[in-house]
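Chemist: Structure below; questions to follow.
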């Protein structure tokens, strides 16, 4: 016999990633575990494509989830989806790891070359490099502050146009214009064809 006041209970829909992030921001470990299970494969896949090394990719993926845990309160659902926010963190972490690895290899290579090649014949090269560095420094002084800042971040800081835009809080197009105009001016100052 079926009781008329009892209706079958509809199963609850699983929480969205946005709801899980909100709970993670409140310190809910179960929500974090559920979010991790839902998005970890995509995060690892993205990181793996950028970093390539499986062991480093696993480390970066762990770092991404530490960031998600500690920064969950910063997530703003009005600005986008939770998965997009997490994947942006993952991409930045992966790029940072690649840059750090490359910088380490470059340092090791420079040190190895330095130790291998130091001799009296290198004195002329060292003097020439210092003179050229001084010319570039003086040419950089001829730039406007905004051009110098954008070029320094892009070429010496290794930032992408998007990262320079975010650091300086200006549009990407403005960053590109400042860099292009500054490079034209440097080329003229240095007499490079």
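The values are calculated or read from the model by the stated rules, or taken from the named source; none is laboratory data. What you see is a predicted model, and the numbers here were worked out from it, not measured in a lab. Glycine also receives a Cβ, built like all others from the backbone with ideal geometry; neighbour counts cover every protein chain displayed.
Chemist: Which numbered condition trips up residue 78, out of (1) at pLDDT below 95; (2) surrounded by 14 or more Cβ atoms within 10 Å (Cβ to Cβ)?
Modeler: Status for residue 78: all satisfied but (2).
Chemist: Here's a follow-up. If you take just the helices (runs of 4 or more DSSP H) that sit entirely in region 103-193, which of them hold at least 3 residues that are at pLDDT 85 or above and over 20 Å from residue 92 (Cβ atoms)?
Modeler: Fully inside region 103-193 and qualifying: 145-151, 172-190.
Chemist: Would you confirm, using the coordinates I've provided, whether residue 70 is within 14 Å of the chain's Cα centre (by Cα), in the same structural domain as residue 41 (by TED's automatic domain parsing), part of a helix (DSSP H, G or I) and farther than 16 Å from residue 46 by Cα?
Modeler: no
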